[in-house]
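Enquirer: Mind having a look at this structure? Questions to follow.
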Amino acid sequence: DTTHGAILYLEDITVSFDGFKALNKLNLDISVGELRCIIGPNGAGKTTMMDVITGKTRPTSGTAYFGQTFDLTKMTEYHIADAGIGRKFQRPTVFEHHTVFENLELAMKMNKRVKPTLFFRLSAEQRDKIDAILKLIRLEGHHHRPAGLLSHGQKQWLEIGMLLMQEPQLLLLDEPVAGMSDAETERTAELLNELRGKHSIVVVEHDMAFVTEIARDGQVTVLHEGSVLAEGSMQAVQANERVIEVYLGR
Ligand code: ADP
């Protein structure tokens, strides 16, 4: 077992851009059902790491496995998404002219595991699933609204809901609370805490108050100069001298 039962396993991943190492022997091991927060200063390599996991960037060297069978270094972006890695980018991308409900319905119909056509009626079970997601993403009362009329935070939640409709094995969230109000950030933390244990999730985030709320008993990984500087509980990494130095720029 090369991946030690991990859902995501990166070993010595290096990404060089003209000799500059955006990632430098990065190691990361995410267990099934884990919610992992990844933090680190600008330029630490967080985006490059997400790009490697989703096949957008090919590593120069190293090993990257999704589950036991998928060698991410040999797959296209399309096949990686199809294999069950869902990524949410910073900017929400919803169908603005469709209602909230229709957005979730479209996301469900794009899920290959459900049915290979856009034209079919929803079963009672599928409606129930959409209703459950609407509740989770705090948009029950807004299901008839065009998505374009939602607030920035609501669009972000809708996009998380759309990703969940596709039943990903691993959910990657890129700065999910960027641009959100404090109240929306708080609700996003609640939402992620509800997903805890049910999904394997990797969150890259700058907002430390938010990270503290969702890290709970979980592990936090601190990236710096393309590799892992520290890893452990939020309390442990906050007290780590090397982490403090990097964040205070000393
Ligand atoms: P983060 O997301 O943590 O801010 P990035 O992964 O975006 O960090 O970037 C890591 C480093 O790699 C940065 O110094 C960045 O300038 C560099 N970098 C990222 N992408 C490229 C690229 N396509 N070409 C050259 N350098 C890049």
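All of the numbers you see were taken from the coordinates with simple rules; none came from a lab. Here the structure is a predicted model, which is why all the values come from computation and not from measurement. All Cβ positions, even for glycine, are placed from backbone atoms using ideal geometry, and neighbour counts span all protein chains on display.
Enquirer: Find how much the distance from HIS143 to ALA183 grows on full extension, using 0.36 nm per residue of separation minus their present alpha carbon separation; answer in nm with one decimal.
Expert: Extra length from HIS143 to ALA183 when fully extended: 12.3 nm.
Enquirer: What is the spin-label model distance, in nm, from ARG121 to ASN42 if the labels are put 7 Å beyond Cα along the C-beta direction?
Expert: Result for the modelled spin labels: 5.5 nm.
Enquirer: Looking at this model, which pairs from LYS46/LYS74; LYS21/LYS46; LYS155/LYS198; LYS21/LYS56; LYS109/LYS129; LYS74/LYS155 are more than 24 angstrom apart at the alpha-carbon?
Expert: Where the Cα-Cα span goes over 24 Å, the pairs concerned are LYS74/LYS155.
Enquirer: So which trypsin sites (Lys or Arg not before Pro) in region 150-228 pass both tests, a DSSP loop state and at most 16 other Cβ atoms within 10 Å of the Cβ? Kindly include the intermediate steps, with their values, before the conclusion.
Expert: Working: sites: LYS155, ARG187, ARG196, LYS198, ARG216; in loops: LYS198, ARG216.
Passing both the DSSP loop test and the Cβ count: LYS198, ARG216.
Enquirer: Give me the one-decimal nm value for the distance between modelled label points at ARG242 and GLN169, 7 Å along each residue's Cα-to-Cβ direction.
Expert: Between ARG242 and GLN169, the label points sit 3.1 nm apart.
Enquirer: Also: Do any chymotrypsin sites (Phe, Trp or Tyr not before Pro) in region 111-200 lie in a DSSP loop with no more than 10 other beta carbon atoms within 10 Å, and if so, which?
Expert: For chymotrypsin sites (Phe, Trp or Tyr not before Pro) across region 111-200 that sit outside H, G, I, E and B with at most 10 neighbouring Cβ atoms in 10 Å, the list reads PHE119.
Enquirer: Rounded to the nearest 500 deg cm²/dmol, what is the calculated helix-only ellipticity per residue at 222 nm for the chain, with -39500 (n - 2.57) per DSSP H run of length n ≥ 4?
Expert: Working: 9 runs with 88 residues, N = 250.
Mean residue ellipticity at 222 nm (helix-derived): -10000 deg cm²/dmol.
Enquirer: For THR93 and ALA209 in the same chain, what is the full-extension length gain: residue separation times 0.36 nm, less their Cα-Cα distance, in nm? Don't jump to the answer; show the numbers that get you there.
Expert: Values: separation 116, 0.36 × 116 = 41.76 nm, distance 2.55 nm.
Extra length from THR93 to ALA209 when fully extended: 39.2 nm.
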